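In what follows, a single structure is set out as structure tokens and then discussed.
The values are calculated or read from the model by the stated rules, or taken from the named source; none is laboratory data. What you are looking at is a predicted structure, and each value in this text was computed from that prediction instead of being measured. Glycine gets a Cβ as well: all are built from the backbone with ideal geometry, and neighbour counts include every protein chain shown.
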């Protein structure tokens, strides 16, 4: 239950940063989707079916508040989850190279879905007008910042669990007998 609360808090924090704080900065268009860090961390920690429902719920929230086509975030988050689940069985999960590759693939999935939706909606002429440098910058920043972000979320989760354990001990000691 406390893990769920932790991920709800992290999700709300990342949504606020992505929708309210970061747009105030000039470099915001070059920023990747911050929720990718949360999805990767959820995918590394849990393998339950409830995580899929959680990812769909987070995707619905992000699709609702963003300007992209509906199901863009849901679909990309589910693909990220599936790829992490597939490869975490074969690769050491804590490897920085694994996290870096998953980070780049995650940003690439989202960029590919945007290209696909532009192609479907406006045809091949519109693809030539897309700013591929912007996509390159988002890949760069995603590769640079997602691995430390995943590490930080995991470290905060470990500290959260330590605090919860200590509080449980204190309450048990105080109210026992």
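Among (1) exposed (fewer than 15 other Cβ atoms within 10 Å of the Cβ); (2) within 16 Å of the chain's Cα centre (by Cα); (3) farther than 23 Å from residue 16 by Cα, where does residue 148 come up short?
All conditions pass for residue 148, except number (3).
Just to be sure, is residue 137 in contact (Cβ under 8 Å) with a residue 60 or more places away in the chain and either crowded, with 16+ Cβ neighbours inside 10 Å or in contact with a strand residue (DSSP E or B) (Cβ under 9 Å, 6 or more places away or on another chain) (or both)? Steps first, answer last, please.
Details: in contact (Cβ under 8 Å) with a residue 60 or more places away in the chain: yes; either crowded, with 16+ Cβ neighbours inside 10 Å or in contact with a strand residue (DSSP E or B) (Cβ under 9 Å, 6 or more places away or on another chain) (or both): yes.
Yes, satisfied.
Being over 27 Å from residue 26 (Cα atoms), in contact with a helix residue (DSSP H, G or I) (Cβ under 9 Å, 6 or more places away or on another chain) and either free of Cβ contacts under 8 Å to residues at least 40 places away in the same chain or outside any helix (DSSP H, G or I) (or both), is that true of even one residue in region 140-160? Give the derivation first.
Initially, region 140-160 is screened for residues over 27 Å from residue 26 (Cα atoms), giving 154-160.
Those left that are additionally in contact with a helix residue (DSSP H, G or I) (Cβ under 9 Å, 6 or more places away or on another chain): 154, 156-157, 160.
Restricting the remaining residues to those that are either free of Cβ contacts under 8 Å to residues at least 40 places away in the same chain or outside any helix (DSSP H, G or I) (or both) gives none.
Among the residues of region 140-160, not one is over 27 Å from residue 26 (Cα atoms), in contact with a helix residue (DSSP H, G or I) (Cβ under 9 Å, 6 or more places away or on another chain) and either free of Cβ contacts under 8 Å to residues at least 40 places away in the same chain or outside any helix (DSSP H, G or I) (or both), which makes the answer no.
Does at least one position in region 99-107 carry a residue that is in a helix (DSSP H, G or I) and surrounded by fewer than 14 Cβ atoms within 10 Å (Cβ to Cβ)?
Step one: filter region 99-107 for residues in a helix (DSSP H, G or I), giving 99-107.
Now narrow it down to the ones that are surrounded by fewer than 14 Cβ atoms within 10 Å (Cβ to Cβ): none.
There is no residue in region 99-107 that is in a helix (DSSP H, G or I) and surrounded by fewer than 14 Cβ atoms within 10 Å (Cβ to Cβ).
Residue-by-condition table, conditions (1) within 13 Å of residue 36 (Cβ to Cβ); (2) part of a helix (DSSP H, G or I):
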site	(1), (2)
68	no, no
73	yes, yes
77	yes, yes
80	yes, yes
86	no, yes
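Residue-by-condition table, conditions (1) under 22 Å from residue 137 (Cβ atoms); (2) touching a residue at least 40 places away in the same chain (Cβ under 8 Å); (3) touching a strand residue (DSSP E or B) at 6+ places or on another chain (Cβ under 7 Å):
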residue	(1), (2), (3)
12	no, no, no
28	yes, no, no
35	yes, yes, no
61	no, yes, no
67	yes, no, no
78	no, no, no
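Is it the case, given these coordinates, that residue 72 is closer than 25 Å to residue 15 by Cα and surrounded by 15 or more Cβ atoms within 10 Å (Cβ to Cβ)? Steps first, please.
On the way: closer than 25 Å to residue 15 by Cα: yes; surrounded by 15 or more Cβ atoms within 10 Å (Cβ to Cβ): yes.
Judged against the criteria, residue 72 is a match.
One residue is enough: does region 119-134 have a residue meeting the conditions within 23 Å of residue 11 (Cβ to Cβ), modelled with pLDDT of 85 or more and assigned to a helix (DSSP H, G or I)?
Checked against the condition, which is being within 23 Å of residue 11 (Cβ to Cβ), modelled with pLDDT of 85 or more and assigned to a helix (DSSP H, G or I), region 119-134 yields no hits at all.
Residue 87 - would you say it is surrounded by fewer than 14 Cβ atoms within 10 Å (Cβ to Cβ) and either within 23 Å of residue 148 (Cβ to Cβ) or in contact (Cβ under 8 Å) with a residue 12 or more places away in the chain (or both)?
Numbers: surrounded by fewer than 14 Cβ atoms within 10 Å (Cβ to Cβ): no; either within 23 Å of residue 148 (Cβ to Cβ) or in contact (Cβ under 8 Å) with a residue 12 or more places away in the chain (or both): yes.
No.
The rows are residues; the columns are (1) surrounded by 21 or more Cβ atoms within 10 Å (Cβ to Cβ); (2) in contact with a helix residue (DSSP H, G or I) (Cβ under 9 Å, 6 or more places away or on another chain); (3) closer than 21 Å to residue 156 by Cα.
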{"position": "5", "(1), (2), (3)": "no, yes, yes"}
{"position": "28", "(1), (2), (3)": "no, yes, no"}
{"position": "44", "(1), (2), (3)": "no, yes, yes"}
{"position": "60", "(1), (2), (3)": "no, yes, no"}
{"position": "65", "(1), (2), (3)": "no, yes, no"}
{"position": "76", "(1), (2), (3)": "yes, yes, no"}
{"position": "80", "(1), (2), (3)": "yes, yes, no"}
